[in-house]
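The values are calculated or read from the model by the stated rules, or taken from the named source; none is laboratory data. Treat the numbers as computed from the prediction; the structure is a model and nothing was measured. Neighbour counts run over all protein chains shown; Cβ positions are idealised from the backbone, glycine included. Just so you know, the surface numbers come from the protein's heavy atoms only, side chains and all, with ligands and any DNA or RNA stripped out. Shrake-Rupley method; radii C 1.70, N 1.55, O 1.52, S 1.80 Å.
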Amino acid sequence: DQLSATHMSAQALSHEDSSPAGLLAAYDAAHDELGSPPQSRVRAALEGAAQRGTPLTHLALRSAGVGSQGAQAVAEVLSRDTNLTQVSLEDNALGDDGAAAIARGLNGHPSVFRLNIGYNEITGRGLRGVAELVAAGGPLLCLDLSGNNFYQNVAVAMVAPAGMSPLAPLGRALASAECRLQLLLLDQADVDAKSLAALVDGLLRNTSLVNLRLGENNIDARSASLIGKLLRGNTALTSLDLRDNKLADAGAATLAAALAANSSLKCLVLWSNGIAEQGAAAV
């Protein structure tokens with residue numbers, strides 16, 4: 001198909017050339033194959049590095065209008081680069097195909113430790129490729145998936161097991177012995193109970209993640225038992241952020257009971273959870 005042809009053609013162009021000028025040439029060639037103009041901010045970043053002769057270490061492209069198709073060209077750059085340490089693509093309408101392309105581009109990258117693809121209309125389908133990147137280990141330590149759409153149809157959620165939920169691939173990736181991820185952000189990500197269960201199952205076998213954010217996901221008192229399971233069984237987490245959920249007093253009490261069996265957690269954020277005096281006293 002067109003995307004595969006673009007990948008193969010751009011690979012043929014200066015595949016070994018990871019210099020700033022080579023990356024700029026690969027980016028332009030990829031857009032030529034796609035039949036679309038280069039995205040101005042992406043090209044400006046690459047052109048500036050080429051003119052200076054200094055490799056980029058941070059590709060900062062928040063709200064740059066990259067889009068799903070443009071992500072294919074960015075992925076070609078990532079597949080050749082050897083100097084980037086941070087890639088920020090928040091709010092770029094990448095969608096599932098764009099997210100998968102970025103993940104493929106980063107597969108085998110030697111130095112990117114932080115990836116932000118939050119607020120990009122990514123669903124469970126697009127998450128699969130990202131999960132493969134997490135499971136592969138490598139340098140990736142920090143992943144921001146906030147603001148994406150990891151919900152599933154209510155009727156499906158009622159009958160499907162947690163292992164088929166949108167976050168199940170990520171849960172399995174976190175359970176991988178090769179996973180090195182230390183920070184995971186899933187704020188405002190429509191994490192339902194089945195996805196939360198899959199995530200917890202993976203984290204029970206994870207020894208690398210120390211900071212987890214799950215703010216604004218409508219986690220209620222019933223789902224607090226899943227968080228309690230995590231606190232009882234995981235010994236790596238030191239910080240858990242549950243701000244702006246719906247735990248209320250009952251949920252707080254559930255967490256308090258689990259905390260009694262946890263000696264590793266140092267920071268627990270619970271503000272804006274409808275917790276009154278009774279729940280606060282329990283914690």
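Couple of notes before you dig in:
- Test: residue in segment 255-276 that is open to solvent by 60 Å² or more (accessible area, probe 1.4 Å) and closer than 22 Å to CYS142 by Cα: yes
- The residue of segment 61-87 that is farthest from GLY126 (Cα to Cα), among those that are without any contact (Cβ under 8 Å) to a residue 60 or more places away in the chain and open to solvent by 30 Å² or more (accessible area, probe 1.4 Å), is THR85.
- From the options SER88, SER111, SER79, SER63, residue that is within 16 Å of TYR27 (Cα to Cα) and among the hydroxyl-bearing types (Ser, Thr, Tyr): SER79
- Flag: ALA189 matches the condition of being part of a loop (DSSP other than H, G, I, E, B) and open to solvent by less than 20 Å² (accessible area, probe 1.4 Å).
- Test result for LEU183, modelled with pLDDT of 95 or more and open to solvent by less than 10 Å² (accessible area, probe 1.4 Å): no
- Residue match in segment 88-98 (condition: touching a strand residue (DSSP E or B) at 6+ places or on another chain (Cβ under 6 Å) and crowded, with 19+ Cβ neighbours inside 10 Å): no
- For ILE219, the stated conditions hold: it is hydrophobic (A, V, I, L, M, F, W, C), more than 19 Å from GLU90 (Cα to Cα), surrounded by 20 or more Cβ atoms within 10 Å (Cβ to Cβ) and touching a residue at least 12 places away in the same chain (Cβ under 8 Å).
- Among the residues listed as ASN211, ASN273, ASN217, the single one being farther than 20 Å from GLY118 by Cβ and modelled with pLDDT of 95 or more: ASN273
- Total residues in segment 99-126, condition open to solvent by 50 Å² or more (accessible area, probe 1.4 Å) and within 18 Å of ALA49 (Cβ to Cβ): 1
- Segments classed as helices (runs of 4 or more DSSP H), wholly inside segment 101-184, with at least 2 members that are in contact (Cβ under 8 Å) with a residue 24 or more places away in the chain and either on the phi < 0 side of the Ramachandran plot or out of contact with any Ser or Thr (no Cβ under 8 Å at 6 or more places or on another chain) (or both): 124-135, 168-174
- Some residue of segment 223-235 being surrounded by fewer than 20 Cβ atoms within 10 Å (Cβ to Cβ) and closer than 24 Å to GLY129 by Cβ: no
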